[in-house]
Every structure is written in C-alpha cells, then in structure tokens.
Amino acid sequence: MIREYVYRGFERFWHWTQAGLILFLGVTGFEIHGSIRFFGYEQAVRYHSIAALSFLTLIVFAIFWHFTTGEWRQYIPTWTNLRAQVEYYLLGIFHNAPHPTKKTVLSKLNPLQKLVYAGLKALIIPVMVVTGLLYMFYRYPQRNEVLSLNIGSLEVIAVLHTIGAFLLLSFLAAHLYLITTGRTPSSNLKAMITGYEEIPQDHEVAAAAHIASEPVPSK
Ligand code: HEM
C-alpha cells in the first residue's frame, strides 16, 4: 500500500461545501414546496435564495478549478468496465468479490461514477440553476431585464426544479451508501477529509506503466 494524495485542498472544500449546500437547498426547497415545516415559509425562501447564490458562486470557482487543473477529464464517461461495475454493486459486493475498477491518482472515478457525476454536472445541476434563476426572476419580476423574459407560467419551471431536487437528494442518499463501499467502510470518507488514501502499489505502478507506454505526440 502507498499513501497517496488523491484529493486536493480545493477539491475537498468544494465537495463538502457542495454537499452541505445541496442538503440545505433540499430542506429549504421542500419547505417552500410545502412537504416539511422547519424554518417557516418566509425564512425558508430567504435561506434558499442565500444558499442558491452561494451555490452559484461555488460553481463558478469549481468550473475554473476543473478546467485549470485538467481534472474535468476524470469525468469523461466510458463504457469500459461499466457493466462489471454495475454487476459489482448489485451482486459482487455481497459476496466479497474484488472491486472491478482499480483506483489510482490519475483515474479516481470508476465508470459508473464517471457517468453519474458527468450527468449531474452537465445536466441536473445546470437544470437546477437555470430553473432556479427563472423561478427567482419570475417571483421577483420588478427587474426590467426579467420582465423582458416574458415567462408566462411557473408550472414547467417548478416541476423541472422539483424533479431535479428529487434526483439530487436521491443521489445524495445513494452516495452516502456508496462511500461505505471503499477498501474499508470508512476509507473513502477519510480520503475526502484528509486528502490521502491508501492505494495498492500495483495499481499505481500499472497506471504509470500505462502512461509511459503511450506514444509521445509528435510536434
Ligand atoms: C442555483 C441553484 C438554485 C436556485 C437559483 C434556486 C432557486 C429557487 C427559487 C427562487 C425557488 C422558489 C422560491 C419561492 O417560492 O419564493 C426555489 C424553489 C425550490 N427549490 Fe431551488 N434553487 C436552486 C437550487 C436548488 C437545489 C439544489 C434544490 C434541491 C436539492 C432545490 C430545491 C427546491 C425546491 C424543492 C423548491 C420548491 C419547488 C416548488 O414547490 O415549486 N433548489 N428554488
């Protein structure tokens, strides 16, 4: 085993802040929706707006970080091993089968994670942001530029925003279970707190060998 620095400082800050904000947006959002009662409607609306603006700010920094570090490439979906990964979570995991994907610093996500995280980043979160902003502008239509959007009805916006909220919170629940399925039940959690993870040496060596064997691009 080698102790590898897998998750950098900003990555961990972004991960935990995003998790907290999504949970808080879920609670305040479902209070606005009328499903629960916690802060009171008026406060829930105020808190939801503040959290939404914080979320948007975080997203801007996260996009910048992903592109400047090249980490966005970790999320490019792949079919390789996808089926094996799904079978592992449905069956193999209950029989102590080996993990079909070997984690390395250069490839942190398994094929199912790549697919799901890419879907969140490219589809669900953008839908939440766009419908959330339209919702905001519709609710506070005194701004001139907002009136020019000429939104006729809240219905489609509200339904899409609520479906997105269900999907995000379902993802959060599944994610909580899946973080316990690492090398040990707490190894994934510890890695996202400290940044360090114990990775079998042969995985890293294999990953390095794979890179070394790639042809060097000609100029
Ligand atoms: C940048 C992102 C977001 C923005 C701008 C935003 C904005 C809004 C606004 C303006 C409302 C209506 C408040 C009112 O009635 O006055 C709302 C409702 C709601 N939001 Fe968000 N929101 C965002 C993200 C989220 C997230 C991530 C979740 C859940 C995880 C969520 C869940 C909800 C729910 C469930 C409602 C109630 C929908 C309904 O009953 O029609 N929102 N949001």
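The values are calculated or read from the model by the stated rules, or taken from the named source; none is laboratory data. This is a predicted model, so every value here is computed, not measured. Positions of Cβ are backbone-derived with ideal geometry, glycine not excepted, and every protein chain shown enters the neighbour counts.
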Tabulated pairs, the stretch 156-171, first under 19 Å from GLY34 (Cβ atoms) and near the ligand (Cβ under 7 Å from one of its atoms), second part of a helix (DSSP H, G or I) and among the aromatic types (Phe, Trp, Tyr), C-beta under 9 angstrom, 6+ apart or interchain: ALA158/TYR135; HIS161/TYR135; THR162/PHE30; ALA165/PHE30; LEU169/PHE30
One residue from GLU11, GLU42, GLU31, GLU4 being away from the ligand (no atom under 13 Å from the Cβ) and at pLDDT 95 or above: GLU11
Index of the failed condition, LYS102 passing every other in (1) at pLDDT 90 or above; (2) more than 15 Å from the ligand (Cβ to nearest atom): (1)
Residue under evaluation HIS48, criteria (1) under 25 Å from SER187 (Cβ atoms); (2) in contact with a Gly (Cβ under 8 Å, 6 or more places away or on another chain), criterion not met: (1)
